[in-house]
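Working notes for the structure below.
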Amino acid sequence: MDNRREELRTNALRSLREHEVLMLDGHFDYGNGFHGPVYLNPHRLFRQPSLIWRLAQDLIEILPDPIVMQTEVVAGPVMGGALLAHTVAGLLDGRRSLTHPPTSFAPLVQDAAGKLTLRPFYRTVVSNRRVLLADDVRNTGETFARAKAAIEEAGGTVIATAEICDRLEAMVDVGVPNFSLTEYKAPDNHPAKDCPLCRSGAPITTF
């Protein structure tokens with residue numbers, strides 16, 4: 001299994017680079033006052049449904065059997081996380097017997113205050129159900145923490161989190177196992193005023 005997992009990890013990282021989801025050797029303005037040489041663009045990930053379908057299959061393959069069998073709902077934050085969660089929910093049913101209840105899906109949206117929440121209908125979907133939280137990328141883990149709080153507020157139980165790519169910058173422990181298809185440790189970012197790329201005259205990368 002370890003060899004197979006490494007193969008899936010390597011193939012996923014290659015796909016992210018080939019499809020310019022993982023963009024290296026640039027000069028990116030992250031819009032938060034920091035610059036850096038690497039950008040992971042999830043919008044490019046979802047422009048080809050067949051790609052996300054394949055990556056979702058591989059993500060399911062690395063999940064432990066108990067998670068696959070116990071998951072009743074797959075939830076994720078709009079936009080990228082919800083698209084991945086919807087795909088994973090459908091594919092999970094193909095990994096289980098026909099007599100197993102079908103997997104449900106629940107998207108999380110931001111309210112006017114920026115808080116992740118579930119619309120009333122989806123609150124009933126997750127209530128008293130075991131939930132797998134999915135997102136395209138894990139950065140600090142804060143999004144997963146906010147999503148988990150919303151699920152628990154609606155009466156659901158989060159049993160694990162999963163993502164396509166982990167940037168290995170997580171600072172928030174959400175208290176459940178996390179599973180990543182692949183990972184990439186980005187170089188340090190710099191405040192814009194101290195950016196060495198700016199000092200060298202490198203232009204901001206546009207796409």
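The values are calculated or read from the model by the stated rules, or taken from the named source; none is laboratory data. The model shown is predicted, which means the values in this text are computed figures rather than measured ones. As a convention, Cβ positions derive from the backbone with ideal geometry for all residues, glycine included, and neighbour counts pool all protein chains shown. What goes into the accessible areas is simple: the full protein's heavy atoms, side chains included, and nothing from ligands, DNA or RNA. Shrake-Rupley method; radii C 1.70, N 1.55, O 1.52, S 1.80 Å.
Things worth noting here:
- Along each principal axis, taking the top coordinate minus the bottom one, the Cα set of the chain gives 61, 43, 29 Å in descending order.
- Label zone of His19 (point 7 Å out along Cα→Cβ, amide N under 14 Å): in region 68-104 this covers 80-81, 83-85, 87-88.
- Directionally averaged projected area (convex hull, Cα atoms, region 1-70), nm²: 6.4 nm²
- q = 0.19, 0.20 Å⁻¹: log10 I(q)/I(0) that the Debye formula gives for region 68-140, counting C-alpha atoms only: -0.75, -0.82
- Principal-axis tilt of helix 142-153 within the chain, Cα atoms, nearest 10 degrees: 20 degrees
- Rounded to 10°, Cα long-axis angle of helix 80-93 versus longest principal axis of the chain: 40 degrees
- Protein accessible area in region 78-123, 1.4 Å probe - carbon and sulfur %: 61 percent
- Applying D = kT/(6 pi eta Rh) to region 1-120, where Rh is the Kirkwood radius over alpha-carbon pairs, T corresponds to 25 °C and eta to 0.890 mPa s, the Stokes-Einstein value obtained is 150 µm²/s.
- Distance in nm between pseudo-label sites at Asp188 and Asn128 (7 Å out along the Cβ direction from Cα): 5.3 nm
- Extension gain, Leu168-Arg96: 0.36 nm per intervening residue step, less the Cα-Cα distance, totals 22.8 nm.
- Label-point gap, in nm, between Phe34 and Val109 - each point 7 angstrom along Cα→Cβ: 3.0 nm
- With Cα atoms, 0 to 90° folded angle of helix 2-18 axis to the chain main axis: 50 degrees
- Protection proxy ranking of 82-89, 44-51, 134-141 - average other beta-carbon atoms within 10 Å, highest first: 82-89, 134-141, 44-51
- Computed lengthening from Arg119 to Arg54, 0.36 nm per intervening residue step minus Cα-Cα distance: 20.5 nm
- Residue ranking by accessible heavy-atom surface, 1.4 Å probe, largest first, among Thr143, Thr124 comes out as Thr124, Thr143.
- Label-to-label distance, Arg47 versus Thr10, with points set 7 angstrom from Cα along the beta-carbon direction: 2.8 nm.
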